[in-house]
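For reference, the structure discussed in these notes is given below.
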Amino acid sequence: MKNMLIHENNINGGTLITNFDKQKVFKYIVAIQLFAAENPNHGLVISHKAYNKRKEPIESCYSLHMVENSEREHDDLSEFWNIYDSIKHDNY
């Protein structure tokens, strides 16, 4: 079970789903809340840190992670991304 953020991508055993521009944080928060209404054990969290492939900090970004959830750990997140895409404004 993953109980901490590992800023490497999920394929490499990390928890990272994606890095994203800080200005889109509210859109991600709303998408997670809407997704959680139907998927209470979703395991999605936002980190205020983001790193590139060389493990250098990306100051302009936050990151989205999947943690603490064996049910959805390797699950398809299409439903989450559909919700995210349906939100019209980046700054919600």
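The values are calculated or read from the model by the stated rules, or taken from the named source; none is laboratory data. Just so it is clear, the structure is predicted and the values come from calculations on it, not from any experiment. Counting neighbours? That spans all protein chains shown, and the Cβs are built from the backbone with ideal geometry, glycine included.
Filter the range 37-52 down to residues that are surrounded by 15 or more Cβ atoms within 10 Å (Cβ to Cβ) and not in a strand (DSSP E or B), then give me how many there are.
Residues that pass the stated criteria total 4.
Between residues in the range 53-64 that are farther than 11 Å from residue 7 by Cα and residues that are among the acidic types (Asp, Glu) and part of a strand (DSSP E or B), which pairs lie under 7 Å by C-beta distance while being six or more apart or on different chains?
Within 7 Å, the pairs are 60/21; 61/21.
Quick check on my filter: what residues within the range 6-36 are under 18 Å from residue 82 (Cβ atoms) and of a type in the set (A, V, I, L, M)?
17, 29, 30, 31, 32, 34, 36
For residues that are farther than 16 Å from residue 84 by Cβ and among the hydroxyl-bearing types (Ser, Thr, Tyr), scanning just the range 37-66, find the one that is modelled with the highest pLDDT.
Among those residues, the one meeting the criterion is 60.
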